[in-house]
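Here the structure is laid out as structure tokens; the discussion comes afterwards.
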Amino acid sequence: MTKKCKSEKLKHALNMDFFSRYPALFLFISLGNLHNKNSGYPIGGSLPFARLLEKKYLGLEGRIRYKSKVTKINTKNNQVIGITLENGEIHNDADIVISAADGYYTIFKMLEEKYMDNKIKKLYDEHPRWPSMVLVSLGISRTFKNEPTSIELHLDKELTIDKKSKLNSIPITIYNFDPTLAPEGKTCMRVMLKTDNYQYWDSLRKSNIEGYNQEKDRLTQEIIIILDKRFGNIVNNIEVINVATPATFHRHTNNWMGSTQGWNWLPSLIPESIKKELPGLKNFYLIGQWTTPGGGVSTAFLSGRDIYPNYL
Ligand SMILES: Cc1cc2nc3c(=O)[nH]c(=O)nc-3n(C[C@H](O)[C@H](O)[C@H](O)COP(=O)(O)OP(=O)(O)OC[C@H]3O[C@@H](n4cnc5c(N)ncnc54)[C@H](O)[C@@H]3O)c2cc1C
């Protein structure tokens, strides 16, 4: 895609992680959608966005039970009849069950590997996942009015995230476009540090919580120094620090290995190759990012909408 680029900087930018793995068309679809205001950033971030859907669903007399982990999908004669919750409650009065949860947990744990074929096994054994990340969010008591909202900052020295992950550049988002995220005169800033090393962060948290917190502090301090060097006036203006690791993403979303977007979108995996029904199981659908390579919010919605005609 970038062979004909005369500018080395533009070539580098277009070849960065995202575009190197996506067809060029994707860039133009994204830019076109942004231009036509078909996509964008929801002011307030994901919570008010999710609340809109919650309101609509409740308005249609839907019911939601929060803090209710499903541990088993109950079946009878290869037909789904309901679910079992972590607290032991059993609900066996379902016409259909749709899992929008993590694909691995659904197939391998909730359904105990009983409804899978070689294709599904190969997918989960071999296809690369979207990595996880350490997400450093800072509340800073100053503004960044003349700065862009997104920066890919190239580092003088490699930054070590963990033993497996080292970065030469870091993506920074300055939320100077969303006044709801910080009081006036202050700014929320986010740095995403990609890592595939879920096992390290998860086992450190489980075996040595002090060491885990120290590692989070170490990374945060390194990030603050990098940001201070780039923007100035940061070190003494930090008011809030929040750090999420792959273990945090797993604890909050149950996503396999703390993956943030499910399957990596590579030419070897097209969306049509992942079925939303499982072999030999009736009245069940799996939707969400583990059925739509590349993940993302809109594709997760779409995957749910796509099963609708099947059970009308
Ligand atoms: C920091 C970050 C930034 C991102 N930025 C973007 C972006 O800008 N644009 C974009 O399109 N995408 C973005 N993504 C990716 C996007 O968030 C995901 O691809 C999308 O949320 C996937 O939706 P989903 O419904 O399939 O799964 P999830 O959002 O993971 O939802 C699954 C839900 O199921 C629940 N659950 C799991 N297991 C169980 C269980 N056993 N019982 C009950 N409930 C369960 C979880 O708690 C969760 O609420 C980002 C992700 C991260 C982490």
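Just so it is clear, none of the values below were taken in a lab; they were calculated from the coordinates. As the structure is a computational prediction, the values presented were derived from the model and not from experiment. Neighbour counts run over all protein chains shown; Cβ positions are idealised from the backbone, glycine included.
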DSSP-assigned coil residues among trypsin sites (Lys or Arg not before Pro) in the stretch 1-104, each with at most 15 further Cβ atoms within 10 Å: Lys3, Lys4, Lys6, Lys37, Arg63, Arg65, Lys67, Lys69
Using distinct alpha-carbon pairs, which all enter the 1/r mean, Kirkwood radius of the stretch 132-256 in Å: 15.2
Radius ratio Rg over Rh of the stretch 227-312, counting only Cα atoms, Kirkwood formula for Rh: 1.20
Pair Asn38, Glu184: separation of 7 Å Cα→Cβ label points (nm): 3.9
Distance between modelled label sites at Lys194 and Asp125, nm, 7 Å Cα→Cβ extension: 2.7
Computed FRET value (nearest 0.05) for Lys145 with Arg218, which takes r as the C-beta separation and R₀ as 35 Å: 0.70
Compactness of the stretch 124-175 - radius of gyration and Dmax, Cα, Å: 14.8, 47
In Å, descending, principal axis extents of the Cα set of the stretch 162-207: 40, 27, 12
From phi via Karplus (6.51, -1.76, 1.60), per-residue ³J(HN,Hα) for the stretch 160-166 in Hz, x at Gly/Pro: 8, 8, 7, 4, 8, 10, 10
Derived scalar couplings ³J(HN,Hα) [the stretch 185-197; Karplus, 6.51 cos²θ - 1.76 cosθ + 1.60; whole Hz; x for Gly, Pro]: x, 10, 9, 9, 10, 10, 10, 9, 10, 5, 8, 9, 9
Long-range HN-HN contacts of Gly45 with modeled amide H, under 5 Å: none
Segments 285-293, 180-188, 205-213, 103-111 sorted - mean Cβ within 10 Å per residue, highest first: 285-293, 103-111, 180-188, 205-213
Approximate spin-label separation Lys114-Lys282, in nm, with each point projected 7 Å along Cα-to-Cβ: 1.5
For the stretch 132-256, with +1 on Lys and Arg beta carbons and -1 on Asp and Glu, the positive-most of Leu155, Asn176, Gln199 along the dipole: Gln199
The chain: antiparallel DSSP beta bridges as a percent of all, rounded to 5: 90
Tail fraction, Cα-Cα pairs, the chain, threshold 37 Å, whole percent: 24
Principal semi-axes in Å for the stretch 1-40 [√(5λ), Cα gyration tensor, largest first]: 21, 10, 9
Helical contribution to [θ] at 222 nm, DSSP H n ≥ 4, -39,500 (n - 2.57), averaged over the chain, rounded to 500: -9500 deg cm²/dmol
Amide H partners (placed H, <5 Å) of Lys72, local residues excluded: Thr84
Compactness index (Cα Rg / 2.2 N^0.38 Å), the stretch 44-106: 1.32
Shape category assigned to the stretch 10-127 from the gyration tensor of Cα positions, a/c cut at 1.5: oblate
Dipole magnitude of the stretch 132-256, debye to nearest 20 (Cβ charges: Lys/Arg +1, Asp/Glu -1, about Cα centre): 140
Dipole magnitude (debye, nearest 20) for the chain, charges at Cβ of Lys, Arg, Asp, Glu: 460
Dipole axis of the stretch 1-40 (+1 Lys, Arg; -1 Asp, Glu on Cβ), positive-most option in Ser7, Phe26, Asn36: Ser7
Packing-based exposure ordering (other Cβ within 10 Å, fewest first) of Asp217, Asp196, Asp125, Asp178: Asp125, Asp217, Asp178, Asp196
Signed unit charges on C-beta, dipole axis of the chain, positive-most listed residue Met189, Asn87, Asn74: Met189
